[in-house]
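Student: Structure below; questions to follow.
The values are calculated or read from the model by the stated rules, or taken from the named source; none is laboratory data. Keep in mind that what you see is a predicted model, and the values were worked out from it rather than measured. Using ideal geometry, Cβ is built from the backbone for each residue, glycine included, and neighbour counts are taken over all protein chains shown. To get the accessible areas, we keep the full protein, side chains included, count just its heavy atoms, and leave off ligands, DNA and RNA. Shrake-Rupley method; radii C 1.70, N 1.55, O 1.52, S 1.80 Å.
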Amino acid sequence: LDTLIGLSTRKDIRVGDTVKVERAGDVIPAVAERVPVPGERRSAPFSMPDRCPVCGAAVAREGAYFYCTGQAACPAQLKGAIEHFASKAALNIEGLGKKTVAQLVDRGLVRDLADLYSLTREQLLTLDGFADRSAALLLEAIDRSRTVSLDRFLVGLGIRHVGQHIAKVLAREFGSLAAILAADRERFQAVKEIGPEISASLVSYFQEPSNRRVIERLLERGLSIQPVEGGISGTTLPLAGKVFVFTGGLSRLTREDAKALVERLGATVSSSVSKKTSYVVAGAEPGAKLDRARELGVEILTEGEFLDLVERQERPS
């Protein structure tokens, strides 16, 4: 954003202008200059607003980023928060797309994330594009999402600097939502991969009363957040410390499902083969990763052998 603001000032780039774009470095496009167009009527120069144009809350700055401080009280942020909460990486609520979310917020049916779990068939039928079947399917998807793993729940909250990887780190380290809610900045920073910026963001989020109330309301409405067995850093999980690499197409499950399987058992997934790789799972038409695994002597598994390995690890001893 700083780059865009700088462009608007240094090169007098305004909304609607025609510009010349050049290749910078390998792939990054760069705006070289504005191209004057005869007879054009240019817009006013850009300046960052002091107030959110949607809710009127103050605009704050963090590094290169400007953001509305209204949080869930801002309809625009609430819509984005719900879309993120329902995304595949989080609660995975199918059918809760951008248009539906906009209607739910604009009509006052959903004022925070917890309101999703009190929606009724009658309310959904008032929305554009909804009939009995579509309303039933969305309610079923919402109901299925009531049981969720701790890491997906953390992703769904949309905490600044907490993506899928950090959410998994937190889930394995603390094991339960209660332990995370009780942690302070020093406890967060004691976790490998959690630095001052992330720990400050976690503390800020969980100390905000409105955020705590939403979490409490989610639990009251029946959300079941599954704790991680094994506790600290996943050290007691059966595949802790193992590194998997996948290459080629899998026929019995998606790549994302395969990744979730091994991560649930404590392993990590890498995109490249190295001496630290424990297993390379080769599907249909594997690529150069298979050749690299053979060069390094890394154990290679077929999809069937991979599933057998996972099943053995999941089986109670």
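Student: Spot the failing condition for ALA114; the list is (1) closer than 30 Å to VAL269 by Cα; (2) of a type in the set (Gly, Ala, Ser); (3) touching a residue at least 24 places away in the same chain (Cβ under 8 Å), and only one is missed.
Tutor: (1)
Student: Which members of region 187-226 meet the condition of being over 19 Å from the mean Cα position of the chain (by Cα), more than 15 Å from LEU157 (Cα to Cα) and of a type outside the set (Gly, Ala, Ser)?
Tutor: Of everything in region 187-226, those that are over 19 Å from the mean Cα position of the chain (by Cα), more than 15 Å from LEU157 (Cα to Cα) and of a type outside the set (Gly, Ala, Ser) turn out to be ARG187, PHE188, GLN189, VAL191, LYS192, PRO196, GLU220, ARG221.
Student: Inspect region 181-200 for any residue being touching a residue at least 12 places away in the same chain (Cβ under 8 Å), of a type in the set (Ser, Thr, Tyr) and open to solvent by 20 Å² or more (accessible area, probe 1.4 Å) and give the result as yes or no.
Tutor: no
Student: Cβ-Cβ distance below 6 Å, separation of 6 or more or different chains: which pairs start in region 159-171 with a residue that is within 18 Å of SER204 (Cβ to Cβ) and at pLDDT 90 or above and end on one that is acidic (Asp, Glu) and surrounded by 14 or more Cβ atoms within 10 Å (Cβ to Cβ)?
Tutor: If the second residue must be acidic (Asp, Glu) and surrounded by 14 or more Cβ atoms within 10 Å (Cβ to Cβ), the pairs left are ALA167/ASP151.
Student: Also: In region 112-142, which residues are part of a loop (DSSP other than H, G, I, E, B) and either open to solvent by 50 Å² or more (accessible area, probe 1.4 Å) or hydrophobic (A, V, I, L, M, F, W, C) (or both)?
Tutor: Residues satisfying the conditions are LEU119, THR120, LEU125, THR126, LEU127, ASP128, GLY129, PHE130, ALA131.
Student: Condition test on SER149, is it of a type in the set (Gly, Ala, Ser), open to solvent by 30 Å² or more (accessible area, probe 1.4 Å), under 25 Å from LEU261 (Cβ atoms) and in contact with a Pro (Cβ under 8 Å, 6 or more places away or on another chain)?
Tutor: No; evaluated as a whole, the condition is false for this residue.
Student: Continuing with the same structure: Restricting to region 96-107, name every residue that is under 19 Å from CYS52 (Cα atoms) and loosely packed, with under 14 Cβ neighbours inside 10 Å.
Tutor: ASP106
Student: For region 191-206, does any single residue satisfy the condition of being of a type outside the set (Val, Ile, Thr), farther than 25 Å from LYS289 by Cβ and in contact with a Ser or Thr (Cβ under 9 Å, 6 or more places away or on another chain)?
Tutor: Yes, region 191-206 has at least one match.
For (1) surrounded by fewer than 16 Cβ atoms within 10 Å (Cβ to Cβ); (2) under 26 Å from ARG152 (Cα atoms); (3) among the aliphatic types (A, V, I, L, M); (4) without any contact (Cβ under 8 Å) to a residue 24 or more places away in the chain, each residue gets a yes or a no:
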residue	(1), (2), (3), (4)
ARG255	yes, yes, no, yes
LYS275	yes, no, no, yes
TYR279	no, yes, no, no
ALA282	no, no, yes, no
GLY287	yes, no, no, no
VAL298	no, no, yes, no
GLU303	no, yes, no, no
LEU307	no, yes, yes, no
VAL310	no, yes, yes, no
